[in-house]
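Notes for the one structure printed next.
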Amino acid sequence: MSALLTVDAVSKRFRGLVAVDRLSFEVPAGGIYAVIGPNGAGKTTLFNMIAGVFAPDSGAISFAGERIEGLPPDRVCRCGIGRTFQIVRPFPALSVEDNVIVGALLHRQHVVDARAHAHAVLRRLDLYGKRAQRASSLTLPDRKRLEVARALATDPKLLLLDEVMAGLRPTETDRIVAILKELNRDTGLTILLIEHVMRAVMALAARILVLHHGAAIAQGTPEAVVRDPAVIHSYLGVEDVS
Amino acid sequence: MIARLIEGVPRRALILLGVLLLGLIMAPLVASDYLLTVLILILYFAYTGQAWNIMMGFAGQLSLGHALYVGLGAYTAATLYVHFGIGPWIGLLVAVPVAALAGAFVGFLAFRFRVAGVYFAILTIAVAEFARVGFDHLNWTSGSSGLFLPVAQYTHNDLWNLRGHPAMFYYILLAATVLAFIGCRALLKSRIGYFWLAIREDEEAARSAGIDTFHYKMAAVVISAAMTSFAGVIYAFFYNNLFPEQVFHIVRSIEIILGPIVGGIGTLFGPILGAFVLTGLAETLTAALAAAGVDLPGTKQVFYGICLLLVIMALPDGIWPWLCKRIGLAEREK
Amino acid sequence: MPADIYLNVAIGGVLTGLVYGLMALGLSVIFGVVRVVNFAHGEMMTIAMYIAVTLFGAFHLDPLLMLVPIAAVLFAFGYVLQAGLINAFITRPEHTQFLLLVALAIIIVNVQLILFGPDAQNVQTSYSYDSFQIGALIVDATKAYAGAAAIVVAAALFTFFKYTRVGTAIRACADNYTGALVVGLDVRHLYALTFGLGAACVGAAGVMLVLIVDVTPSLGPAYTLLAFVIVITGGLGSMPGALLGGVLIGLTEAMAGLLFTPSAKSMFAFAILVLVLLFRPQGIMGKRAA
């Protein structure tokens, strides 16, 4: 499988703090890749650089063969990368349906076509029944799925999910995991997710990247990473079975 | 196409709109001269309010300097008429691009340099003030002493030169208001309308969904400015005199925004309702005071201020959304 | 023109600028702490000016003597306004707060128009036409007194914020609203206090300004805009910046009035505003990027 996203020796400092330190990794097309690590490890900074919120200080980011580092967020989205936010940002006064239509309109000229596509996406995300509700009236789990739906409606090849499971109960987590797995299987959508909820990570990811102080301390299959002593020491901890 | 425009609108709303329109068409036949002038004023604010609403209500950009576009439209058309004898409809073809360019200038300054929110409002005020003082010193347009259009006693309505009975102006403004209403509806339901709403709700999130926010914000400003300049042309040919001190004054800008705010920002009918309510009540108040022998300049403005205050405090979304719920007309208005 | 004319005009501009700076200081304090864009700032100043004019006309009381009482009245006005009206709007969207004050400004201006009429009114004290002569320099007495008073009031304000407990508490609110709540500060009261202080500042500035300038109802909006130009130029949230901005604008205005037509001088102020908004939105001494 060829690499869809290539992050090559990317670094970012904020004044004195090194947030991301010469990070390199590849995400194959059609894969599900997770980025984990303690808070402050640089995960969201990494996402923001990929998504175009700011440019890396050095290094390169390539997507589908094109260099995208430094491009503004709307350009990055048009290239085929969709993203969600750690703190959800739906369009509050718009209906669920209209939220997703906005995304669908990116690659469609007519509202009629966008609405049809939006309905399809909403059905997949199990939100079709609530499509006429105002986004501001939704519960948190629904808002998270709405944000995924909106990003999905832009027909991305790569979906960046920033802690989309945070604050959800296990049943809701399982629900989103199932939806994501289905999407990946049916459409070949590549997914890169930041997660703290290990339950979701283990269920979804084919490969995991562990960040600590902005650098990669482990990369590999879930089974390997979970057993890596460095990862256990810095992040996962050991279960006390005494 | 008409079917698409009225989809989702309750039957009752359409019927009420039709009745209102009919009433407005017949009004000049029964109205006194004074009432006709009031109605013209109402339609003027209904029209400019809708134009302003595109920028604020749809795209979320607060402009407090819309008098700039009225003034530019008015002065461009008037100057071409006075100095070159060019009729206003041709003058409009020049006035609209001039205003659109001014809008593009303001928009570019603001959006390229990330001037937003209240700072953007202050910027629009500053540009309008700059124009006011600038035109005061512009000799070619007669500066502060005022630009006067030749007024001959009209015996017939000259539509081409916009000379004639107030009723002519009334119907022109009515047509403009109706076209603006339909146009705004079409815009809202189109791709650009959705993008504007997204930008209004959350600009960063809109960008992450692939929307080129600079481009669409500029479009809102330019369209709003262009629409407003038409009102300026009418203003010039109706009043037949222009003073920078009056035309570009910040008070004019505030008058334009009162209707939409009181009626309901972001709604389609809000600016129209607001214009009727505010101007109607204000003129009634002035007439009542005059009848009681009281003639104080400033009472109308105090009234406007109090209305604005009350609406912001009690009905921040405006009268129209509240009214809609009351009389069961709630459509999926955004 | 001989050099000393430039110098005289410049000094006059600086002194007037100090009064402008005090006015802007009030706005900066209000915005820096309460985060409300006070669009009725100039109008509050004209309230003070009209009070001074009325008192002078009725009782021949020198405005400078009435400085403290008038400032106190404006303080009360500001306190009640914030506590009674604006505090309820803290959580509302920014443009709603802004429009609230726009409405207030409209009401104030036009009530003044109804009460006092559109004609200019001024205060002619015994020293209105006096001037001091220092070498080749000629300084208007009114401007000298006004400038000096402005420095005194500004210094008092700085001392208050830096060295008193209440002043420190207010600065804490400005820095971190939630933090202030958490440590038990009565934020709503402190906000009202701050607004009152800002109003007192602008009231004091008005009393000084009425010695230099004639008052009309339309002065309110004009000075509101000027205050914004100064605060944005000097730097939002920076008190020294407001004074510096005031002096700068006062100087620019005076020189522009001398070199070009006096009526066009506000164009320069606005040109400066546009340039600052574009290229240095945090102002000369501002800390936060706008």
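Restricting B:279, B:284 to those that are polar (S, T, N, Q) and without any contact (Cβ under 8 Å) to a residue 12 or more places away in the chain reduces the list to B:284.
When the stretch A:108-122 is filtered for residues that are within 8 Å of chain B (Cβ to nearest Cβ), within 13 Å of residue A:98 (Cβ to Cβ) and not β-branched (Val, Ile, Thr), only A:114 remains.
Working only within the stretch A:28-43, note down all residues that are in a loop (DSSP other than H, G, I, E, B) and surrounded by fewer than 22 Cβ atoms within 10 Å (Cβ to Cβ).
Residues satisfying the conditions are A:29, A:30, A:31, A:38, A:39, A:40.
Based on this model, can you work out whether residue B:205 counts as under 28 Å from residue A:114 (Cβ atoms), part of a helix (DSSP H, G or I), within 14 Å of chain A (Cβ to nearest Cβ) and touching a Lys or Arg at 6+ places or on another chain (Cβ under 8 Å)? Judged against the criteria, residue B:205 is a match. Test residue A:46 against the stated conditions and say whether it is more than 8 Å from chain B (Cβ to nearest Cβ), crowded, with 23+ Cβ neighbours inside 10 Å and out of contact with any strand residue (DSSP E or B) (no Cβ under 9 Å at 6 or more places or on another chain). It is false that residue A:46 is more than 8 Å from chain B (Cβ to nearest Cβ), crowded, with 23+ Cβ neighbours inside 10 Å and out of contact with any strand residue (DSSP E or B) (no Cβ under 9 Å at 6 or more places or on another chain). Condition first: exposed (fewer than 14 other Cβ atoms within 10 Å of the Cβ) and at pLDDT 90 or above. Now tell me which residues in the stretch C:97-118 satisfy that. If the condition is that a residue be exposed (fewer than 14 other Cβ atoms within 10 Å of the Cβ) and at pLDDT 90 or above, then C:115 is the only one that fits. Of the residues C:119, C:130, the single one that is away from chain B (no Cβ under 14 Å) and more than 19 Å from residue C:242 (Cβ to Cβ) is C:130.
Go through (1) β-branched (Val, Ile, Thr); (2) surrounded by fewer than 16 Cβ atoms within 10 Å (Cβ to Cβ); (3) farther than 22 Å from residue A:201 by Cβ one by one and return the number of the condition residue A:121 breaks. (2) is the only condition that residue A:121 fails. Looking across A:95, A:58, A:24, one residue alone is assigned by TED's automatic domain parsing to the domain that holds residue A:143 and hydroxyl-bearing (Ser, Thr, Tyr). It is A:95. Here residue B:240 clears all of (1) out of contact with any Gly (no Cβ under 9 Å at 6 or more places or on another chain); (2) over 30 Å from residue B:157 (Cβ atoms) except the condition numbered (2).
Residue B:318 passes every criterion in (1) without any contact (Cβ under 8 Å) to a residue 12 or more places away in the chain; (2) within 14 Å of another protein chain (Cβ to nearest Cβ) apart from (1).
Table: residues versus (1) modelled with pLDDT under 95; (2) within 13 Å of the chain's Cα centre (by Cα); (3) within 14 Å of another protein chain (Cβ to nearest Cβ).
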site: B:194; (1), (2), (3): no, no, yes
site: B:242; (1), (2), (3): yes, no, no
site: B:246; (1), (2), (3): yes, no, yes
site: B:255; (1), (2), (3): yes, yes, yes
site: B:262; (1), (2), (3): yes, no, yes
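Just so you know, in the stretch C:119-148 the residues that are surrounded by fewer than 11 Cβ atoms within 10 Å (Cβ to Cβ) and in a strand (DSSP E or B) include one that is modelled with the lowest pLDDT, and it is C:134. Tallying residues that are hydrophobic (A, V, I, L, M, F, W, C) and in contact with a helix residue (DSSP H, G or I) (Cβ under 7 Å, 6 or more places away or on another chain) within the stretch B:26-36 yields 3. Selection of first residues in the stretch C:79-96 that are more than 9 Å from chain B (Cβ to nearest Cβ) and at pLDDT below 90 and of second residues that are assigned to a loop (DSSP other than H, G, I, E, B) and surrounded by fewer than 17 Cβ atoms within 10 Å (Cβ to Cβ), restricted to Cβ pairs under 9 Å at least 6 apart or on distinct chains, gives the following pairs, ordered by first then second residue: C:90/C:35. Only one of the listed residues (A:70, A:103, A:82) is within 9 Å of chain B (Cβ to nearest Cβ) and over 30 Å from residue B:267 (Cα atoms). That residue is A:82.
Each row is one residue, and each column tells you yes or no for (1) modelled with pLDDT under 95; (2) surrounded by fewer than 23 Cβ atoms within 10 Å (Cβ to Cβ); (3) under 14 Å from the mean Cα position of the chain (by Cα).
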{"position": "A:64", "(1), (2), (3)": "yes, yes, no"}
{"position": "A:68", "(1), (2), (3)": "yes, yes, no"}
{"position": "A:100", "(1), (2), (3)": "no, no, no"}
{"position": "A:150", "(1), (2), (3)": "no, no, yes"}
{"position": "A:169", "(1), (2), (3)": "yes, yes, no"}
{"position": "A:176", "(1), (2), (3)": "yes, yes, yes"}
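Of all the numbered requirements in (1) touching a strand residue (DSSP E or B) at 6+ places or on another chain (Cβ under 8 Å); (2) of a type outside the set (Gly, Ala, Ser); (3) closer than 24 Å to residue A:12 by Cβ, residue A:212 misses one, and that requirement is (1). Count of the stretch B:156-182 residues, restricted to those that are assigned to a helix (DSSP H, G or I) and free of Cβ contacts under 8 Å to residues at least 24 places away in the same chain, is 3. Scoring residue A:109 on the criteria (1) in the same structural domain as residue A:40 (by TED's automatic domain parsing); (2) not in a helix (DSSP H, G or I) leaves a single failure, condition (1). Put simply, of B:309, B:278, B:296, B:285 the only residue that is at pLDDT 90 or above and either more than 29 Å from residue B:5 (Cα to Cα) or among the hydroxyl-bearing types (Ser, Thr, Tyr) (or both) is B:309. In summary, helices (runs of 4 or more DSSP H) completely within the stretch C:157-262 and bearing 2 or more residues that are away from chain B (no Cβ under 14 Å) occur at C:165-175, C:177-182, C:187-212, C:239-259. Say we look at the stretch B:237-249 and pick out the residues that are closer than 19 Å to residue B:129 by Cα and hydrophobic (A, V, I, L, M, F, W, C); which of these is surrounded by the fewest Cβ atoms within 10 Å (Cβ to Cβ)? Among those that are closer than 19 Å to residue B:129 by Cα and hydrophobic (A, V, I, L, M, F, W, C), it is B:243.
Would you point out the residue of the stretch B:279-301, among those that are within 21 Å of the chain's Cα centre (by Cα) and within 19 Å of residue C:101 (Cα to Cα), that is nearest to the other protein chains (Cβ to nearest Cβ)?
B:301
Residue C:25 passes every criterion in (1) at positive phi; (2) in contact (Cβ under 8 Å) with a residue 40 or more places away in the chain apart from (1).
If the condition is being within 14 Å of chain C (Cβ to nearest Cβ), buried (at least 21 other Cβ atoms within 10 Å of the Cβ) and in a helix (DSSP H, G or I), then the stretch B:84-118 contributes B:102, B:106, B:107, B:110.
The values are calculated or read from the model by the stated rules, or taken from the named source; none is laboratory data. Note that this is a predicted model, so its numbers are computed, not measured. Please note: Cβ atoms are built from the backbone with ideal geometry, for glycine as well, and neighbour counts cover all protein chains shown.
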